[in-house]
Each structure stands twice: as C-alpha cells, then as structure tokens.
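The values are calculated or read from the model by the stated rules, or taken from the named source; none is laboratory data. What you see is a predicted model, and the numbers here were worked out from it, not measured in a lab. Cβ atoms come from the backbone with ideal geometry, glycine included; neighbour counts cover every protein chain shown.
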Amino acid sequence: MPMYEYQCRACGESFELLRSRDKMDAGSKCVHCGSKATGRKLSVFAPVRVAMRPGADIAAEAAEHPHEQHGADDFDEDCC
C-alpha cells in the first residue's frame, strides 16, 4: 500500500498516511490537531544508487571508480 503526504491547512503540520490508491485524495483528519482541512502534497522522489557492495564506503567507492559517478560516456577516453 502506498504512503502519501498530507498537509493540514489549519495548523500547517505535515503528516503521512498509508492508503490505497483509490482513497489517496479522500478527506482525512490531521494527526496533529484533528482538523479535516487537509490536502495531499506532491511527493518528489530522489534517485538512489543501489549498485554498491554491501557495507562499502561511499567515498572509497567514488575514489575507486571515478567514471561511474557520471557514467563512462561523459568523459573522454584519456581524460585522466
């Protein structure tokens, strides 16, 4: 079940709710003040690099593979 972000127009607080997609825009009570004056916020997702070895150090990975940060196609063959 997806999680959606909401904001209360009465108290200004944001909160998250697990809801089915067919109820994502249905009214909900603010979990902070109980007001029904709430609206769904637009959620923005950030990409995450998941190709690292388990337990690897991010800085060490970047130093070990400098071209993989931006993709090998972004650099000339003899750039380094």
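Some points to look at:
- For P47, the stated conditions do not hold, so it cannot be described as surrounded by 10 or more Cβ atoms within 10 Å (Cβ to Cβ) and at pLDDT below 90.
- Considering residues of the range 17-44 that are among the basic types (K, R) and closer than 14 Å to E5 by Cβ only, the residue surrounded by the most Cβ atoms within 10 Å (Cβ to Cβ): R19
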